[in-house]
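First the structure, in the form of structure tokens, and then the observations on it.
The values are calculated or read from the model by the stated rules, or taken from the named source; none is laboratory data. Since this is a predicted model, take the numbers as computed values, not measurements. With ideal geometry, Cβ positions are generated from the backbone for all residues, glycine too; neighbour counts draw on all protein chains shown.
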Amino acid sequence: MVRVNVDAIGTRPTCDKFKRLLDKWRIPYNELRIDGDSEALKTIR
């Protein structure tokens, strides 16, 4: 099955809500925490 990539920030409630929905619908995802990681942040710009 295809995995969704989720770029997340720890302080964003919408990120948590989105991940809960993915879990509820049993959609696999890879989480990339971009807060405090300048290299990860570059991947979404």
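Quick look at the numbers
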{"read-out": "Members of the range 1-40 that are out of contact with any strand residue (DSSP E or B) (no Cβ under 9 Å at 6 or more places or on another chain) and aliphatic (A, V, I, L, M)", "value": "Met1, Val2, Leu21"}
{"read-out": "The range 22-45 - residue that is loosely packed, with under 10 Cβ neighbours inside 10 Å and within 12 Å of the chain's Cα centre (by Cα) and, of those, modelled with the highest pLDDT", "value": "Asn30"}
{"read-out": "Subset of the range 4-21 [assigned to a loop (DSSP other than H, G, I, E, B) and exposed (fewer than 10 other Cβ atoms within 10 Å of the Cβ)]", "value": "Thr11"}
